[in-house]
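The values are calculated or read from the model by the stated rules, or taken from the named source; none is laboratory data. Bear in mind that the values here come from a model prediction, so they are computed numbers and not experimental data. So basically every Cβ, Gly included, is an ideal-geometry build from the backbone, and we count neighbours across all protein chains shown.
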């Protein structure tokens with residue numbers, strides 16, 4: 001039997017705010033201590049959390065002048081992306097998630113042929129293909145030499161971007177290609193740009209992502225393994241590469257060689273871990289609940305043989321209490337294979353198991369994002385799920401965590417907001433307001449659909 005919403009929602013007293021604010025300078029969102037004054041309850045179907053439920057009111061979450069929102073960008077991203085757009089898919093889930101512009105360029109064989117026939121891009125294609133094939137003999141085990149052979153300069157990236165724009169314009173395909181880019185949502189950070197600037201900026205972004213992935217992932221293989229990867233890529237592709245493909249293929253092969261497939265794990269989520277919940281969403285009476293979802297960021301354990309950290313359990317208990325009280329019809333759990341490095345356990349998956357087994361939460365009431373690696377991407381990734389799967393995004397969701405992380409999130413002006421701007425390029429919310437010492441009220445934003453290949457483990 002599905003739990004029903006509670007009858008009333010009480011306005012939050014402002015009395016807690018000064019106390020909570022005192023913690024803000026010293027709180028960390030990545031490794032916070034257990035919830036202050038919170039105890040765990042694991043009764044079947046239990047309320048979770050020993051403390052009384054705090055008053056939680058979505059009216060406390062207006063989009064205010066200091067919310068950090070860029071209204072023009074938010075409006076453009078929301079208007080341009082399409083829930084019905086069907087993205088082309090390549091054989092590589094990691095390419096599609098981290099380097100989607102490459103998937104778009106490869107999806108149309110005629111367009112790709114036109115691109116490599118362009119004078120500028122043909123010269124680049126020939127040069128970069130030759131450099132890839134010569135690298136194993138020329139560089140041997142020298143990682144820096146491979147990086148120079150395969151790398152891009154900013155000037156080359158800009159030249160290629162301008163040539164792509166020129167070919168699309170000459171062929172009359174610029175508007176259609178840009179429309180697909182916008183509809184995908186994966187270039188939402190550039191939604192206010194005109195079509196030509198969108199294409200050029202996004203290609204430069206692709207080159208940056210490929211360079212960062214090589215520097216952080218491929219280079220870490222070490223010289224001998226990297227040489228083997230480059231040799232294997234060349235041998236597997238006897239036909240000439242297009243200008244953007246050598247570094248792309250080496251990066252993808254290096255991720256595979258190093259078993260860094262985190263971004264592809266559990267995919268397709270909508271046919272696996274989230275299938276039952278997505279089937280349930282259309283039947284939800286959203287007006288019956290104060291919030292759309294309860295978002296719970298994960299926290300990984302410090303040892304490899306522990307599936308769920310104590311703080312992950314604490315946060316799950318708090319979410320179960322709120323679900324039982326009818327605060328929201330869904331719980332959204334976010335956290336990948338993060339701590340310790342290369343752990344076999346996903347924070348979101350382990351919290352899901354715990355909520356089902358210890359609290360009796362229905363499986364179709366739980367959404368999971370098993371990929372996020374940071375607090376910033378916990379908020380971003382769940383926002384993506386809500387946009388793509390029919391959860392109302394013009395209403396507030398509840399972010400619930402332990403005391404330390406909740407202060408870090410709620411008082412985002414101090415650390416989290418600047419960190420989001422630095423790492424993501426935007427704030428993944430329209431409004432984010434603390435409403436208790438373990439909860440914040442958040443209104444999501446469509447800019448979060450923007451894909452960022454600079455972290456290929458969770459783009």
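So that you can scan it fast, the table gives a plain yes or no per residue for (1) free of Cβ contacts under 8 Å to residues at least 60 places away in the same chain; (2) under 23 Å from residue 451 (Cβ atoms); (3) outside any helix (DSSP H, G or I):
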position	(1), (2), (3)
152	no, yes, yes
199	yes, yes, no
215	no, yes, no
225	yes, no, no
238	yes, no, yes
242	no, yes, yes
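Just to be sure before I move on: is residue 454 out of contact with any strand residue (DSSP E or B) (no Cβ under 9 Å at 6 or more places or on another chain) and in a loop (DSSP other than H, G, I, E, B) in the structure I sent? In short, yes.
To keep it simple, each residue is scored yes or no on (1) loosely packed, with under 15 Cβ neighbours inside 10 Å; (2) modelled with pLDDT of 90 or more; (3) in the same structural domain as residue 441 (by TED's automatic domain parsing).
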position	(1), (2), (3)
33	yes, no, yes
38	no, no, yes
44	yes, no, yes
106	no, yes, no
115	no, yes, no
118	no, yes, no
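Take residue 437 and tell me if it is in contact with a helix residue (DSSP H, G or I) (Cβ under 9 Å, 6 or more places away or on another chain) and not assigned by TED's automatic domain parsing to the domain that holds residue 339. In short, no.
Within the range 62-84, the residues that satisfy the criterion of being part of a loop (DSSP other than H, G, I, E, B) and surrounded by 13 or more Cβ atoms within 10 Å (Cβ to Cβ) are 62, 63, 67, 68, 69, 70, 81, 82.
Here residue 401 does not qualify as over 25 Å from residue 427 (Cα atoms) and in the same structural domain as residue 289 (by TED's automatic domain parsing). Out of 394, 369, one residue alone is touching a strand residue (DSSP E or B) at 6+ places or on another chain (Cβ under 9 Å), surrounded by fewer than 24 Cβ atoms within 10 Å (Cβ to Cβ) and closer than 28 Å to residue 63 by Cβ. It is 394.
In the set (1) surrounded by 23 or more Cβ atoms within 10 Å (Cβ to Cβ); (2) not in a helix (DSSP H, G or I), the condition left unmet by residue 447 is number (2).
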